[in-house]
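The values are calculated or read from the model by the stated rules, or taken from the named source; none is laboratory data. On a predicted model such as this, the values are computed, not experimentally measured, just so you know. Neighbour counts are summed over all protein chains in view; Cβ atoms, including those assigned to glycine, are modelled from backbone coordinates with ideal geometry.
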Amino acid sequence: MSTRPRILVARAVFPETLHKLEQHFEVDSNQADTVLGPQELTERLKDKVGAFTTGSERIDAGVLAACPQLKVCANMAVGFNNFDVPAMTARKVLATNTPDVLTETTADFGFALLMATARRIAESEHYLRAGQWTKWSFDMFAGSEVHGSTLGILGMGRIGQGIARRGAHGFGMNVIYHNRSRLAPELEAACKARYVGKDELLASADHLVLVLPYSAASHHAIGAAELARMKPTATLVNIARGGIVDDAALAAALREKRIAAAGLDVYEGEPKVHPDLLTVPNVVLTPHIASATVPTRRAMADLAADNLIGFLVHGKPLTPLNPEVLN
Ligand code: 8YV
């Protein structure tokens, strides 16, 4: 029997990533490309020391209790709400994520979704494909202005700052943000962003982009009450996590034109999408692809693999979330 560490790759990844991992580990890989539920995940993880996860597999106290050999879980995602980090730390299981490598790509996509939403690109394309374009008219797909407008950002981490820089420097937008803590002055200056309270953010933004991490505290951070504070001409973009927005409340606000439009890449309960969102025209819906460029997905997969190799082979992970377990 091989003495190499045994790991689980929980979901289909690049063949090159598997090959890289196989140089160091005995790899059990879920080629099915489905998210392993708690039962199957536990079954396949109980004799492993490491897991390569993709942001959806839940690692919680139950899984940890059933997998006593587990030492590390490397998420191929910057978000890590699928990990119960305190429970992992208590069990001395290392958690890693993939920060930085996806920042600019994800900020590009956030801006693309903002543009598509404000300028009604998806809606007008559907109209054209459906053969409905027979004449020009003065107000056909007239949207909202992007340049010079007020860009609001909720959650001002690396990706939020990337969106702020694009807005301020590329489109001359007036950038305001709200975050748990205020940025250092030099970071605020770099993205020409002004800190405001959440109420002012909601009331003043022409385009509001959500880039905050998901947690119990951010669950439904945008619900009916928050939507009611926004301008009727405003657009909302969510590239953070489903669950931050109350999708049913958003669909109602869009249908009743209480806000102008929304662009969503993430959903509560994805890949299921709230049925009401599928029937309102003024929303652009994409299937959680903000980090999806070939180079970025490769960099994310490489970093997750290098975290497993770094920790299990060399004792040094690259981007630990709970470095205290290394002591
Ligand atoms: C991933 C993401 O595509 O990094 C994140 O947090 O949401 C996306 O970049 C997704 O989590 C699957 O890995």
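Summary of computed values
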| quantity | calculated |
| --- | --- |
| Exclusive hit being touching a Leu at 6+ places or on another chain (Cβ under 8 Å), in the same structural domain as Phe111 (by TED's automatic domain parsing) and more than 15 Å from the ligand (Cβ to nearest atom), set Ala240, Ala251, Ala228, Ala260 | Ala251 |
| Residue within the stretch 96-106 that is at positive phi, under 18 Å from the mean Cα position of the chain (by Cα), within 12 Å of the ligand (Cβ to nearest atom) and part of a loop (DSSP other than H, G, I, E, B) present | yes |
| Sole residue being surrounded by 16 or more Cβ atoms within 10 Å (Cβ to Cβ), within 15 Å of the chain's Cα centre (by Cα) and either modelled with pLDDT of 95 or more or not in a loop (DSSP other than H, G, I, E, B) (or both), chosen from Leu208, Leu212 | Leu212 |
| Close pairs from the stretch 278-290: first more than 28 Å from Val78 (Cα to Cα), partner away from the ligand (no atom under 16 Å from the Cβ), Cβ under 6 Å, at least 6 apart | Val280/Ala251; Val280/Leu254; Val280/Arg255; Pro281/Glu123; Asn282/Leu254; Asn282/Ala261 |
| Of all residues making up the stretch 107-139, the number that are of a type outside the set (D, E, K, R) and either under 30 Å from Asp302 (Cα atoms) or within 16 Å of the ligand (Cβ to nearest atom) (or both) | 7 |
| All strands (runs of 3 or more DSSP E) inside the stretch 129-197 with 3 or more residues being in the same structural domain as Leu236 (by TED's automatic domain parsing), surrounded by 19 or more Cβ atoms within 10 Å (Cβ to Cβ) and touching a His at 6+ places or on another chain (Cβ under 8 Å) | 150-154 |
| Positions within the stretch 215-238 being of a type in the set (Ser, Thr, Tyr), under 19 Å from Glu256 (Cβ atoms) and within 21 Å of the chain's Cα centre (by Cα), in sequence order | Thr235 |
| Residues (among the hydrophobic types (A, V, I, L, M, F, W, C) and over 13 Å from Ala292 (Cα atoms)) located in the stretch 79-111 | Phe80, Phe83, Val85, Ala87, Met88, Ala90, Val93, Leu94, Ala95, Phe111 |
| Complete set of residues in the stretch 73-95 that are assigned to a helix (DSSP H, G or I), of a type outside the set (Ser, Thr, Tyr) and touching a residue at least 60 places away in the same chain (Cβ under 8 Å) | Val85, Met88 |
| Set Leu21, Leu70: member being more than 16 Å from the ligand (Cβ to nearest atom), without any contact (Cβ under 8 Å) to a residue 60 or more places away in the chain and either part of a loop (DSSP other than H, G, I, E, B) or within 16 Å of Leu303 (Cα to Cα) (or both) | Leu70 |
| Close pairs from the stretch 183-210: first on the phi > 0 side of the Ramachandran plot, partner of a type in the set (A, V, I, L, M, F, W, C) and assigned to a strand (DSSP E or B), Cβ under 6 Å, at least 6 apart | Lys192/Val175 |
| Single residue of Phe52, Phe109 found to be outside the structural domain of Met156 (by TED's automatic domain parsing), aromatic (Phe, Trp, Tyr) and either out of contact with any Lys or Arg (no Cβ under 6 Å at 6 or more places or on another chain) or not in a helix (DSSP H, G or I) (or both) | Phe52 |
| Residue in the stretch 29-50 that is closer than 21 Å to Leu326 by Cα and either within 23 Å of the chain's Cα centre (by Cα) or within 16 Å of the ligand (Cβ to nearest atom) (or both) present | no |
| Among (1) of a type in the set (Gly, Ala, Ser); (2) away from the ligand (no atom under 16 Å from the Cβ); (3) under 17 Å from the mean Cα position of the chain (by Cα), the one test that Ala301 misses | (2) |
